[in-house]
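Undergrad: Can you read through this structure? Questions will come right after.
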Amino acid sequence: MADGRTINAFFSLHIPTELVDGVIALQQEHDAVQPQKREEIHITLAFLHDADAAKLADAAALTSGKTWPVPRIRFSGEVRHGSWDLQKNPDYHYDDATIQKGEQIRLGVEPVQELLDLYADLTSTLGGKEDTYWPHVTLGIAREDIPAASMADLDIPSEGGPARSLDLRQAGGSTFRILVRRDLS
């Protein structure tokens, strides 16, 4: 990347295995949801858009060189939907009552202080802060339009546990390649 190329990367937390298993079980209950792959289930912390080699080196050094308190991950019970990709289309209009084909279905994560501190530290050091940051795990993508109310009674796992790792991942394509993994637990 010394030639001026850039990539999109992001920081994520790898959630406890028990919660991943619960997300997989929820995915299997809904044919209208294209599931998130097991190895891709995560909480996104911060994006690094158009990161060059120097920015990636800084991100990798921060990921592997700093110690943070380990956040305990637990679902909040809140479900939201939307799409950053569809928002780029001028014909797309968000609808509270309908999860539209192509929208992500997201399960809220309790915003515990350790998680918020980790987010704040990463974004203050490397950028990417969002005014409306909402920690979540993506259940999947809607394969068709479905009523939002159909997701209101999901049997969302109530147990919690420590995040397993902090990852720096490359975005793009059908999978997210892990660039640096920092085990937390």
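Undergrad: What's the carbon and sulfur percent of the stretch 1-145's accessible surface, probe 1.4 angstrom, rounded to a whole number?
TA: Exposed carbon and sulfur together represent 47 percent of the surface.
Undergrad: Another one. Using a 1.4 Å probe, what is the accessible area per residue for the stretch 1-131, in Å²?
TA: Values: 6950 Å² over 131 residues.
Using a 1.4 Å probe on heavy atoms only, each residue of the stretch 1-131 averages 53 Å².
Undergrad: Please give, to one decimal in nm, the separation of the simple spin-label points placed at Ala57 and Asn8, each 7 Å out from Cα toward the Cβ.
TA: 2.5 nm
Undergrad: Something else about it: Rounded to the nearest 0.05, what FRET efficiency do Thr17 and Leu86 give with R0 = 41 Å and r taken as the Cβ-Cβ distance? Could you check?
TA: 0.85
Undergrad: In addition: Give me the log10 of I(q) over I(0) for the stretch 120-183 at q = 0.20, 0.22, 0.27, 0.28 Å⁻¹, as the Debye formula computes it from C-alpha points; what are the numbers?
TA: -1.23, -1.27, -1.29, -1.30
Undergrad: Which residues does a label at Asp96 reach in the stretch 111-144, if reach means a backbone N under 20 Å from a point 7 Å past the Cα toward the Cβ?
TA: Only 132-134 fall inside the zone, counting backbone N under 20 Å.
Undergrad: Just check the chain against the gyration tensor rule for me: Cα atoms, a ≥ b ≥ c as the square roots of the eigenvalues, rounded for a/c under 1.5, and otherwise prolate or oblate depending on whether a/b exceeds b/c.
TA: oblate
Undergrad: Would you compute, from DSSP H runs of 4+ residues alone, the mean residue ellipticity of the chain at 222 nm, taking -39500 (n - 2.57) per run and dividing by the full residue count, rounded to the nearest 500? Walk me through the numbers before you get to the answer.
TA: Values: 3 runs with 39 residues, N = 185.
The helix contribution divided over the chain gives -6500 deg cm²/dmol.
Undergrad: Now for a different question. What is the angle, in °, between the Cα long axis of helix 17-28 and the longest principal axis of the Cα atoms in the chain? Nearest 10 is fine, range 0 to 90.
TA: That works out to roughly 40 degrees.
Undergrad: In addition: Provide, as a two-decimal number, the C-alpha radius of gyration of the stretch 70-169 over 2.2 N^0.38 Å, N being how many residues it has.
TA: After normalising by residue count via 2.2 N^0.38 Å, the value is 1.20.
Undergrad: Return the single residue from Ala171, Ala51, Ala149 with maximal mean-square fluctuation; model: Gaussian network over the chain, springs between Cα atoms under 10 Å.
TA: Looking only at Ala171, Ala51, Ala149, the biggest GNM fluctuation is shown by Ala149.
Undergrad: On to the next question. At 7 Å along the Cα-to-beta-carbon direction for both Asp153 and Ser124, put a label point, then send me their distance in nm to one decimal.
TA: Here the answer is 4.5 nm between the modelled labels.
Undergrad: Follow-up question, since we're still on this one. Using the Cα centre of the stretch 44-134 as the reference point, and only Cβ charges (+1 on K/R, -1 on D/E), how large is the resulting charge dipole? Debye, rounded to the nearest 20.
TA: Dipole size: approximately 260 debye.
The values are calculated or read from the model by the stated rules, or taken from the named source; none is laboratory data. The model shown is predicted, which means the values in this text are computed figures rather than measured ones. When we count neighbours, we look across all protein chains shown, and the Cβ atoms used for this are built from the backbone with ideal geometry, even at glycine. Each accessible area value is taken on the protein alone, full model and side chains, heavy atoms only, with ligands, DNA and RNA left out. Shrake-Rupley method; radii C 1.70, N 1.55, O 1.52, S 1.80 Å.
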